[in-house]
Amino acid sequence: MHSRNPQRPVRFAFTILIATATFAISTGWVVAQAPGVFDQFDKNSDGKVTPDELSNATAFARFDIDHDGAITPAEYQQVADSAPSTPTPDDTGKRSRVAQIEAIAKQFDADGDGKITREEAAGAAWFERVDANGDGVADVPEIQRVKAAAARSKRGGGAALPETAPPLSAEDLKKITSGPEVLKPGDAGIGRMIPDAKFTTLDGTARNLADMQGRKALVIAMTSATCPVSKRYLPSLAVLAKEFAAQHIGLLLVNPFVSETTDEIKAQLAAAGLRTDYVHDTDKKLAAALQARTTTEVFLLDTRRTLLYRGALDDQYGINYNLDAPRHPYLRDAIAAFLQSETPPVQATVAPGCELDLEDAPKTANTGVTYHRDVARILQQNCVQCHRDGGIAPFALDDIEEVTDRAKVIRRVVTEGTMPPWFAAPEKDAAASRWANDISLSARDKADLLAWIESKDRPLGDAAEAPAKRVYPEEWNIGQPDLIVPLSRAYDIKATGFMPYQLDVVETTLTEDRWVTAYEILPSARDVVHHVIVQVHEPGTAVRNVGEGAGGYWAVYVPGNGSCVYPPGFARKLPAGARISFQIHYTPSGEAKTERLRLGLVFAKTAPRYEVRTVGVANRRIAIPPGAAHHVETQTQRVPFDMPVTSFMAHMHMRGKAFRYEVTHPDGKTETLLDIPRYDFNWQMRYDLKQPKLLPRGSTVKVTAVYDNSSANRANPDPTRLVKWGPQTVDEMMIGYLEYFTPVSGSVSAN
């Protein structure tokens, strides 16, 4: 039977092709086969398309090959692959989607002028997506844009998610991520003052921890003459002892085992060639002061006995493993950071070794909380990075007058949980947090801080117990970049009112591909920059304002989160000849200013093993009714390959209320990946996992956003308005970003 409209048989195929290409632009999840495009029609996500989901009877009959009343992904793929086109195989042996789009477009271009009007498209749903400027005509540049997106989706470039990736099994992931567990710094006592303790070294010298004359810092290493892991670490400690001496850093070994003899200890030290201060801590006073946990744990203290790092020396040895060389030299990294007046990249880990039992150790006397010993350290560890002169916060908290003036403000924001900013739902087991960058206060820090604020006299304590003043980098937190990319021009920021988003494009002029191991976005006026989305565009691709990086981003800046340093072996690709676009949200601060931010990049010295990418699960069809206090929108997307996810970042605007990521595994089991019960537009945090989460191929990722468009939302620009997707803060968005990595194939210059 012939259709009355000769274009109708190909309209559904063209819709799929356009969806394939424009889905790349709108979400970055580009899949040539059934996952992705098929899901747009499978509205109830039951794995099939039924007549109520595809009302076009002619198209339905064409795709329902077995005529059973349902279209399966396999049926869809078979018909889509055979859509009318010029048979041009691409480099994978499949039919070129670009050629398909060209051939089908000709069938809609009735007058042959190279354009498709709304009338020629006969109201097809895909037309609005192609007609980017809304003038009623899909012209040559707009069709070219779709073809370019289809070409990018074929090769998996940019932010697009390729349909396949080099295999990465759970065992591979385990090898990549094996090693000591990273701990939340506050829970491990980082930033606190270690009590002074007297001791006698193995050679009979009486000492105490407070005595660090001539030393920049002190490393205390727990050890044992019999624990197998401790014994394996002795040669490493012998090497470090020499390094530390040259750096004016002390090394003290502490052995808390009564059962081990002085003779066997001395014999062991002589065999290892280890010469340093050694304490046979038989009364366990030192171990108790440190609250040591295992026989391999190391501690880094500054001259004020502030704990800067505790945990494993490195990841070379464990209870059940030995590596040829460490991959993560935790202690060395912590010392290097300390000497540069920086925060260690990892501040606390579990230390594999023989567990210590300190039940019979002397108890440290409980004394009242004081400002100098306790509160100043809690604030320095958790708040002063932002709340200092030159920081991004509106006031400083690094002296007693400033803290006293704002004591009630501190009490309010700490009690309600808005400071320090961390909005992931608490873990059921607080000691087993999944997050590597959890900056929420530990239970002890929160209790001590509030106890001091609420006390009648707010005792100062001994000024000699105050922490050393921190020195912060004058400019770049990532060190001096290898390449600095400024905006193409400076922007004038008015004193008050509203500013639309700015899109700035910069040429890199790179002549070869580079790998980037660290980036930092550095505003020249921090108080007017709300957030920045950075995209990298390969040569020949169009640069458009795609809306908050709906398809993913290459780099991102939000207050307190403007830099990223990747682990060894991981990097982002910066192609030769690429252009970099900056989408900037400026917010007037009450004073007219001129702003020109910069992007700093550090290049890898050797090619990485894994490429880092970011994609976004976006719902552009959101519609939030006027006055709705709890409006829910969702978006689902199937995972086309085994994807190791490393972090998440949710994005909404002023009406955003809550956000959740979930995954349904191929076996039907569903789990929550991230729950943000109280979303805050002002703090769009990145949530970094301690260990990558492997999402198996065939899983379904679901993001759920909740919006408050009522008058009770004090930040709501207009509760009387039906709110849809739009680029400005008065509009709304719904994007769930996921960062993941894939094994690198081929070579890219690192020099």
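Quick note: the coordinates plus some simple rules give every number you see, no bench work behind them. For clarity, every value in this text was computed on a predicted model and none was experimentally measured. Cβ sites come from the backbone with ideal geometry, for glycine too, and all protein chains shown count toward neighbours.
Annotation note: GluC sites (Glu not before Pro) in the range 662-751 located in DSSP loop regions with a Cβ neighbour count of at most 15 within 10 Å are absent. If you take all other residues with their beta carbon under 12 Å from the beta carbon of Gly698, and give Lys and Arg +1 and Asp and Glu -1, the sum is 0. Phi angles across the range 280-296 convert, under the Karplus curve 6.51 cos²θ - 1.76 cosθ + 1.60 with θ = phi - 60°, into 3J(HN,Hα) values of 8, 7, 5, 8, 6, 5, 5, 4, 5, 4, 7, 6, 5, 10, 9, 7, 10 Hz, Gly and Pro given as x. Converting phi to 3J(HN,Hα) with the Karplus coefficients 6.51, -1.76 and 1.60 and the offset θ = phi - 60°, the range 712-721 yields 5, 7, 5, 8, 5, x, 6, x, 8, 9 Hz in sequence order, with x at every glycine or proline.
Computed about its Cα centre, the charge dipole of the range 473-596 is approximately 240 debye, with only Lys, Arg, Asp and Glu carrying charge at their Cβ. For the range 624-633, 3J(HN,Hα) computed residue by residue from phi via the Karplus equation (6.51, -1.76, 1.60; θ = phi - 60°) reads 9, x, x, x, 5, 8, 8, 9, 10, 10 Hz, glycine and proline entered as x. Put simply, when 677-683, 377-383 are sorted by average Cβ atoms within 10 angstrom per residue, most first, you get 377-383, 677-683. For Lys408, the aspartates and glutamates whose Cα comes closer than 14 Å to its Cα, not counting residues fewer than 8 places off in the same chain, are Glu416, Glu454.
In debye to the nearest 20, how big a dipole does the range 609-751 give about its Cα centre with +1 on each Lys and Arg Cβ and -1 on each Asp and Glu Cβ? Write down the numbers at each step before the final one.
Numbers: 18 positive and 14 negative charges, 19 e Å.
Once rounded to the nearest 20, the dipole reads 100 debye.
Excluding Trp422 itself, what net charge comes from residues whose Cβ is under 14 Å from its Cβ, given Lys and Arg +1 and Asp and Glu -1? Charge balance near Trp422 sits at -3.
Please give the charge dipole size of the range 177-240, origin at the Cα centre, charges +1 on K and R Cβ atoms and -1 on D and E Cβ atoms. Round to the nearest 20 debye.
Using Cβ point charges on Lys, Arg, Asp and Glu, the range 177-240 gives about 100 debye.
Taking every C-alpha pair closer than 8 Å and separated by at least 6 residues, the mean separation divided by the residue count of the range 178-339 gives a relative contact order of 28 percent. Counting only lysines at least 8 places from Lys284 when in the same chain, those with an alpha carbon closer than 30 Å to its own are Lys184, Lys198, Lys216, Lys231, Lys242, Lys266, Lys363, Lys446. Under 21 Å of direct C-alpha separation, and excluding same-chain neighbours fewer than eight residues apart, Lys657 reaches these lysines: Lys702, Lys724. Across the options Tyr501, Ala490, Ala468, the greatest Cα extent toward the positive end of the charge dipole of the range 442-554 (unit charges at beta carbon of Lys, Arg, Asp, Glu) belongs to Tyr501.
Available extension along the chain between Asp68 and Val543 is 166.6 nm, counting 0.36 nm per residue and deducting the alpha carbon span. With a cut-off of 12 Å between beta carbons, the residues surrounding Leu331 carry a summed charge of -3, where Lys and Arg count +1 and Asp and Glu -1. Across the options Ala272, Gln213, Leu323, the greatest Cα extent toward the positive end of the charge dipole of the range 178-339 (unit charges at beta carbon of Lys, Arg, Asp, Glu) belongs to Gln213.
Per-residue packing, averaged as other Cβ atoms within 10 Å, sorts the ranges 407-417, 533-543, 319-329 into the order 533-543, 407-417, 319-329, beginning with the highest.
If you sort the three axes of the alpha carbon gyration tensor as a ≥ b ≥ c, you get a/c under 1.5 for the range 178-339, which makes it rounded.
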